[in-house]
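> This structure is in structure tokens; I'll ask about it shortly.
The values are calculated or read from the model by the stated rules, or taken from the named source; none is laboratory data. Owing to the predicted nature of the structure, the values given are computational and were not obtained by experimental measurement. These area figures cover heavy atoms from the full protein model, side chains too; ligands, DNA and RNA do not enter into them. Shrake-Rupley method; radii C 1.70, N 1.55, O 1.52, S 1.80 Å.
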Amino acid sequence: MTLDRSTRWARWLEAGAAPDLATPGLVALDIDGTLVGFDGSLSPAVADAVRRTAAGTHVVVATGRAMLGTLPVCDALGLR
């Protein structure tokens, strides 16, 4: 038997197992132009925000950079 979405949601609520919609399970961030400015700088405010986010959810970087260009950014953000 297939349950529609609202029926599944009601059963989760009854069981006290509804997912926490306020906290994402995964945050994916681009590096160039998002985490790192076009001048190559990583601001302390951005680094702090990423570290605080990573303390409560999974954070991954999405980039077209090669691994050797990505690892220093991940290290600076504490994502390894």
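> When you look at D48, is it acidic (D, E), at pLDDT 90 or above and part of a helix (DSSP H, G or I), yes or no? Explain how you work it out, then say what you get.
Numbers: acidic (D, E): yes; at pLDDT 90 or above: yes; part of a helix (DSSP H, G or I): yes.
Taking the combined requirement at face value, the residue satisfies it.
> Condition first: at pLDDT 90 or above, within 16 Å of the chain's Cα centre (by Cα) and open to solvent by 80 Å² or more (accessible area, probe 1.4 Å). Can you find one or more residues in segment 16-24 that meet it? Full working, then the answer.
Taking segment 16-24 first, the residues at pLDDT 90 or above are none.
Within segment 16-24 (the criterion being at pLDDT 90 or above, within 16 Å of the chain's Cα centre (by Cα) and open to solvent by 80 Å² or more (accessible area, probe 1.4 Å)), the answer is no, since none of the residues qualifies.
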